Amino acid sequence: MKSLKETIREVPDYPKKGILFYDITTLIRDARAFAQAMDTLCGRYTGRRIDAVLGVESRGFIFGAAMAYRLGTGFIPVRKPGKLPAEVIRQTYALEYGEDTIEMHRDAVKPGQKILIVDDLLATGGTAAAACHLVETAGGEVVECCFMIELTFLNGRQKLGSRGVFSLIQYET
């Protein structure tokens, strides 16, 4: 079987010139690669106390929902502003040029719950750190931050502080 890294399409100059985009849609359309990825990710957390999996919009929904199902937990969506129907809490975070905001339902996390945060990519760490802040503001505990891909050269782990981080595939440059 091909390595998981080989199933990821590299798209140069997307979304803008000079950026190399790692496209996971080629991994998830490959049934064997997707199953291998889910088996590996879920295997890491099987037997650990996890009350819910939180997935960050939008590709984090793909992996997070599948993991929540396999781990027998609930799923919490974190979305861009204005997409959730009930009362929300929000976190704004810095981007390279500007800022962005994510939201979570105010009642999604109960105090003391153990939450696994899942997204497709760890780059600079801003989105993941904002998701952690939402969980912790609601009184939850972040079990770990889990990613399909990590761009290690962008040092995103630093923004996550002492929280645990796991990535299945790393790109060094």
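The values are calculated or read from the model by the stated rules, or taken from the named source; none is laboratory data. What you see is a predicted model, and the numbers here were worked out from it, not measured in a lab. Backbone-built Cβ (ideal geometry, glycine too); neighbour counts: all protein chains shown. Just so you know, the surface numbers come from the protein's heavy atoms only, side chains and all, with ligands and any DNA or RNA stripped out. Shrake-Rupley method; radii C 1.70, N 1.55, O 1.52, S 1.80 Å.
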(request) For residue 19 and residue 172, compute 0.36 nm times the residue count separating them, minus their Cα-Cα distance, and round to one decimal in nm. (result) 53.6 nm
(request) Compute the accessible area per residue over the chain, keeping the other protein chains in place, probe 1.4 Å, unit Å². (result) 52
(message) I want to check the label-to-label distance for residue 69 and residue 87. Put each point 7 Å from Cα in the C-beta direction and report it in nm to one decimal.
(response) 3.3
(request) Would you list, by chain and number, the lysines whose Cα falls below 28 Å from the Cα of residue 83, excluding same-chain residues fewer than 8 positions away? (result) 16, 110, 114, 159
(request) Taking the Cα centre of the chain as origin, work out the dipole magnitude from +1 charges on Lys and Arg Cβ and -1 charges on Asp and Glu Cβ, in debye rounded to 20. (result) 300
(request) For region 19-32, take each phi angle, set θ = phi - 60°, evaluate the Karplus expression 6.51 cos²θ - 1.76 cosθ + 1.60, and give the result in whole Hz per residue in order, putting x for glycine and proline. (result) 9, 9, 8, 9, 8, 7, 5, 6, 6, 6, 7, 8, 4, 5
(message) Test of understanding: what is the full-extension gain from residue 44 to residue 94, defined as 0.36 nm times their sequence separation minus their Cα-Cα distance?
(response) 14.9 nm
(request) Restrict the search to region 26-133; then list the GluC sites (Glu not before Pro) that DSSP places in a loop and that have at most 12 other Cβ atoms within 10 Å of their Cβ. (result) 87, 96
(request) Let me have the 222 nm mean residue ellipticity of the chain computed from DSSP H runs of 4+ only, each contributing -39500 (n - 2.57), with the sum over all residues rounded to the nearest 500. (result) -7500 deg cm²/dmol
(message) Using Cα-Cα distances under 8 Å and only pairs 6 or more residues apart, what relative contact order does the chain have, in percent?
(response) 16
(message) Give me the percent relative contact order of region 18-95, please, defined on Cα pairs under 8 angstrom at least 6 residues apart.
(response) 24
(message) Net charge around residue 135, counting only other residues with Cβ within less than 12 Å of its Cβ (Lys, Arg = +1; Asp, Glu = -1)?
(response) -1
(request) For region 1-68, build the charge dipole from Cβ charges (+1 Lys, Arg; -1 Asp, Glu) around the Cα centre, then report which of 38, 56, 26 sits farthest towards its positive end. (result) 38
(message) Under a crude label model (7 Å from the Cα following the beta-carbon direction), how far is residue 35 from residue 137 in nanometres?
(response) 4.1
(message) At a threshold of 8 angstrom on Cα-Cα distance, excluding pairs fewer than six apart, so keeping six or more, what relative contact order does region 75-173 reach in percent?
(response) 24
(message) I need the phi-derived Karplus couplings for region 7-15: 6.51 cos²θ - 1.76 cosθ + 1.60, θ = phi - 60°, integer Hz, Gly and Pro marked x.
(response) 8, 8, 7, 9, 10, x, 6, 10, x
